[in-house]
Every structure is written in C-alpha cells, then in structure tokens.
Amino acid sequence: MSVKNGRHLTWFEMLGNWSFGDYGKLETIKMAWDVSINVLKLDQHKIYISVYKDDQESYDIWKDIIGVDPKHIYRFGDLENGDDENFWSMGPVGPCGPCTELFYDLGPEAGTSAEDVMGGEGDRYMEYWNNVFMQYNRDEEGTLTPLPALSVDTGMGLERIVMILQNKMSVFDTDVFQPMMRDIAAMVNADPNDPQQRIDLQVIADHIRSLTFVISEGGQFSNEGRGYVLRRILRRAVRHGRKLGFQGPFLWRIAPLVAREFEGVYKLPEHIIENTAMTLRDEEERFFRTIDRGMGRIHAMMDLHSASGQSVITGPEAFELYDTFGFPVDLTEIEAAERGFTVDADGFRSEMEAQRARSRQSARFYDDGGGEWVTLREGGGQGFAGYGLGELAVTAQRYRQEGDRVELVLTETPFYAESGGEIADRGQLIITDGPTIVIEDVQKINGIIHHFGRCDSAVHIESDTSLTITVDLEYRRQKTLHHSATHLMHAALKVVVGEHVEQKGSVVEPTRLRFDFSHSQPLTPRRALRC
C-alpha cells in the first residue's frame, strides 16, 4: 500500500477495451499506437515497448508494421525459469498469454539510479498501457495449449497518463490530487513542500479515495478478508494524519472532498456521502480509543529493548499489540522501523496460528479426532434429495462414533444443511433393528453433506442396513417463517433507512432471527419501529 513513489495507488481508474474472439494483436497494437500518437499527442521517441520473450508476432508488428525502433523494444519474461514478466495468468491453471506494454520515458529528472532503466523498479520509465493476449490454456502440468480464439484485455491507468500529459514526475502532482491535498493541508496548516509532510498528504489523499468509493458501494470494516484490508487502509491513513497534527477523527471530513473532485464523473449522491462519512467517523473513533494506549505500549517495549541492546519486537509482543490494542502487524512494523527496530513476523504468525487453533478447538463440537471412519461405500453420495421432503429411506456411505456422538454421510438426504445464515434441519435417523440417532446438526464439508447426531447405544451399520431419516417439520416451518422475515426486513430497511442498506449476514433459527446490514450508526427508536 505504499504511495511514497510517484505511480502506485491503492485505488486507481483503469481505462480499457476488450475483444472476445474478435480483433487480435495487430488491431490492438495499432489502436494503442494511434491513441498514443494521434489522440494523446505523445512524443513517439519517448515511447518504449516490452513484449514477452517468445512473442515474436507482437515484436514483428511493433518493428515492421508500426515502425518502432528495435532499440525501443525489449523482451522480458521467461516462464521456464520462473519469470512471468510480460505473461498474464488467471491462476495456476486456466486462460493465460503474453503481454505487450507501452512505457513513456520521463527523462533523467525522474531518476538516474540503477533501477531507472527499462524493466527496472525506478520511476523514469512509466508504464501507462498494457495489452494482454489470452491465447493459451494452462493445465495442471503447466502445459500451454492454444485456445480456439484469441481474446484481448487492455488497460491504461488514467492517473498515469494524466501525469505524462501534464509533464509531472508524480501522479500526486497532477490536478487529480492537488486540489484535495491543498485542502487537507489547510486543515492543519501542513506544508506540502516539506518532504515528509508531502508523503503524509499523499497517503491520506490516496487512501481516502479508496475508502470513500468502497464504503459508498457497501463495503464494511471487519477483522477478516476485504473488510480487514479496508480497516488497514483507514488505520494507515489515520497514522499519517496524526503525524500532520490531526488530533481526532478527520477522514470523515475529507470524504465530501472526494465527491467534489469526481462530481460529474461518478454519481455520489449527498445521502450516500453522508452515510460514508458517518461510517468513517465511527471506525476512526473506535481506532482513536485504542491508538494512544497502543502507541504508548509499543514505545515502552522499544525503550526497554534499547536499554538492553536489543532491537527486535518479539512475536508475543507484536501479538499483544494486535490482540489487545488493535494494532495490525504492519502498523507495528512501521512504528518499529522508524526507530531502527524489526518485528519477529514469524513469531507473530505462530502466535496467530496458536490462537486460531484454540478457537477451532473450542468452537467445534466435532473434530477430526471424532472416532475412526467405517467406510461402506466410496464417495459422498448424491447429497440433497430435494425440497419439501420430510422422510426418506436411505443407506450409509460411511459413519463414525465416539462416545454418544455420531457423524454420518448418507447416500442422500432430505435435510437442509446449514447455509446462508440459516441453521440446519434436525430430526432422527432410525436404524432398522437398531437404535435411533437424534440428528442435531447438518453441515456441508468440502461439498459433502455430513450429519451430526447423538446416540446412547453403540451404532452398527452395514452397507445394506435400511435407514429411515425423518425431518422435524415444525422446526423447519419456524425457520422458514424467520427466513421470509429477513427478506421483508431488508425491503423495509431500504425504504425507512435508505437505499444504501445492503445485507451483510443473517442468522435464521426457529425462535429468532438476526439481520446484519450496512449502516453507519444504530437506528433511532422511531426508525426501528417503522421497520
């Protein structure tokens, strides 16, 4: 998430065009050159090209048809040696193919280090256009097989091309960012010409764009997945804001500036921005309640280590900061680096894994140690037998028992497995000439439906043992009512609270329901009653 250089952003605008089995390399390259030279009026002598090392067709088009000087065409990438430069893949398997990219030489004033060369990590040669030619399918062995038709995916970074057209050395010097950075600086009398304060302003301006657009489209802060990435972005922006002099929540005040800058381009209605600002303020307030204590703790740790000649924050210490003070490890690493410290990242991960193991052990009634499987048939059976069934004659695929706990995989089942916040059906499994198993839970594990139950007697099932499974239909009916109620509640919330409300989860049980939705603050009693 670094924005210390002049070209990387957490949120950017991508201009592009696509072809699915229509035009190919020649037409794509011609269009890229035509737009670059005749529309954008770029200096063709400053344009450099990269192709994958084996993509002779693209190389020949650039050299022989477009007329680019061979000294301006570079071959990059070597899959055989693990270098996937200029070769795009959807994943380890699937569609893939070579790329050809366009770079613009910003001149020696943009950088003269060893990295400021074509293909280097410096800022002098700015990639502004990429053409991906999906012409192969890669299988599990890595074999590339030509696809029946070539598809093209092209992309051009708007902020980068604006930087080139405005003769700037950084995207943050363009009119895309400057108005917002000036307004942020004015809030705390910051100096945009001070090198460190400039970085702080860049981080805030970039991060608030990401936060505003993601939250305005229903994104939410959380401790996992994309929501955790969003939380990290906010916390990093807050840290840079504190360095500028902001003493309390401030990002929520900047969100309207983002809407102002994109007015007429993206529709960000006033009520959406108000909700986004409130969501930001609530998250900032939560973070500010812990950040001062956390900062005090981390600096106390480093003072103690410095006194004994140590310069490493241990894994347990980093985990304490995360678990007690809400400090993500990357924030700990940033604070540590400023005083010449490092963080034992491996030790931190070990502490995290130990916590996850403890959580898994306490959260699940059944685990992998729940007795030895008795396998009667291979496979997972046919699974769900269909809606509305209350009783079904079945046989077993496999089962296991430990004490009074029993787990079974059946040839098929009328039970609804837990899904989408709705808990599973319950009922009974009757063994002909044997005991009855009370089914308490049904889960889909790796695509196979598992039944979890209890039986006081020893269970013995053969491959031809007749089993009858029955569903508690009244229990299911009560769940159905609450499931329908979640849909009605969602519709009511959109009318009473606003169209921005989106479902974020639910719990559907026979005696209650819970509906999670995106909104920046608790409902007032009046609004809650109207829902």
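A short reminder: the numbers here are calculations on the coordinates, not readings from a lab. What you are looking at is a predicted structure, and each value in this text was computed from that prediction instead of being measured. Using ideal geometry, Cβ is built from the backbone for each residue, glycine included, and neighbour counts are taken over all protein chains shown.
If you take all other residues with their beta carbon under 14 Å from the beta carbon of Leu467, and give Lys and Arg +1 and Asp and Glu -1, the sum is -3.
Under the criterion of Cα pairs below 8 Å and six or more residues apart, the relative contact order for the chain equals 9 percent.
Amide H contacts of Lys504: Asp516, Phe517, Ser518, each under 5 Å away and 5 or more positions distant or on a separate chain (H built 1.01 Å from N in the peptide plane; Pro and chain starts excluded). By the helix-only formula, in which each DSSP H run with n ≥ 4 contributes -39500 (n - 2.57) and the sum is divided by residues, the chain has a 222 nm mean residue ellipticity of -12000 deg cm²/dmol. Note that segment 221-227 has calculated 3J(HN,Hα) couplings of 6, 7, 9, 8, x, 5, x Hz, one per residue in order, obtained from phi through the Karplus relation 6.51 cos²θ - 1.76 cosθ + 1.60 (θ = phi - 60°); glycine and proline are x.
Between the listed residues Phe76, Gly294, Val312, the Cα displaced farthest toward the positive end of the dipole of the chain, a dipole computed from Cβ unit charges relative to the Cα centre, is found at Gly294.
Amide H contacts of Trp88 (H built 1.01 Å from N, in plane; Pro and chain starts excluded): Gly97, Cys99 sit under 5 Å, all sequence-distant by 5 or more or on other chains. Summing +1 for each Lys or Arg and -1 for each Asp or Glu among the other residues whose beta-carbon sits under 10 angstrom from that of Val93 gives -2. Computed about the Cα centre, the dipole magnitude for segment 80-145 is approximately 260 debye when only Lys and Arg (+1) and Asp and Glu (-1) carry charge, each at its Cβ.
Peptides 23-29, 383-389, 409-415, ordered by how many other C-beta atoms sit within 10 Å of their residues on average, highest first, read 409-415, 23-29, 383-389.
Of the GluC sites (Glu not before Pro) found in segment 245-290, those in coil by DSSP whose Cβ has at most 12 other Cβ atoms within 10 Å are Glu263. 3J(HN,Hα) couplings calculated from phi for segment 102-115 with the Karplus curve 6.51 cos²θ - 1.76 cosθ + 1.60 (θ = phi - 60°) are, in sequence order, 10, 10, 10, 7, 7, x, x, 5, 7, x, 10, 7, 5, 7 Hz; Gly and Pro show x.
Summarising the amide proton neighbourhood of Glu440: residues at separation of 5 or more, or on other chains, whose placed amide H is nearer than 5 Å comprise Phe452, Gly453, Arg454.
Other residues whose C-beta falls under 11 angstrom from the C-beta of Phe262 contribute a net charge of 0, scoring Lys and Arg +1 and Asp and Glu -1. Highest-first packing order for the peptide set 215-223, 76-84 is 215-223, 76-84, based on the mean count of other beta carbon atoms within 10 Å. So which aspartates and glutamates can Lys46 reach, going by Cα to Cα under 19 Å and dropping same-chain residues fewer than 8 places off? Cα-Cα hits under 19 Å: Asp34, Asp64, Asp69, Glu101, Asp105, Glu109, Glu115, Asp116, Glu121, Asp123, Glu127, Glu159.
Only the Cβ atoms of Lys and Arg (+1) and of Asp and Glu (-1) were treated as charged; on that basis the dipole of the chain about its Cα centre amounts to roughly 2100 debye.
Here Ser457 and Thr314 are evaluated by their C-beta separation; at R0 = 56 Å the FRET efficiency comes out at 0.60. Shown in residue order for segment 170-183 are the 3J(HN,Hα) couplings computed by the Karplus curve 6.51 cos²θ - 1.76 cosθ + 1.60 at θ = phi - 60°: 8, 5, 6, 8, 8, 6, 5, 10, 4, x, 5, 5, 5, 5 Hz (x for Gly and Pro). Using the alpha-carbon positions of the chain, Rg (one decimal) and Dmax (whole number) come out as 29.7, 88 Å. Shape summary of segment 14-173, radius of gyration then Dmax from alpha carbon positions: 15.9, 47 Å. Here the peptides 424-431, 204-211 are ranked by packing, the mean other Cβ count within 10 Å, and the order with the highest first is 204-211, 424-431.
Compared with the direct C-alpha span, the chain from Glu509 to Asn81 gains 148.6 nm at full extension, assuming 0.36 nm per residue.
Around the Cα centre of segment 478-530, unit charges on the Cβ atoms of Lys, Arg, Asp and Glu (plus for the first two, minus for the last two) sum to a dipole of about 180 debye. Straight-line reach from Lys243: which lysines have Cα under 29 Å away, leaving out those fewer than 8 places along the same chain? Hits, sequence-local ones excluded: Lys4, Lys168.
Taking a ≥ b ≥ c as the square roots of the eigenvalues of the alpha-carbon gyration tensor, segment 374-471 is classed rounded because a/c is under 1.5.
Cross-link partners for Lys444 among the lysines, with Cα-Cα distance under 28 Å and sequence neighbours closer than 8 places in the same chain left out: Lys479, Lys504.
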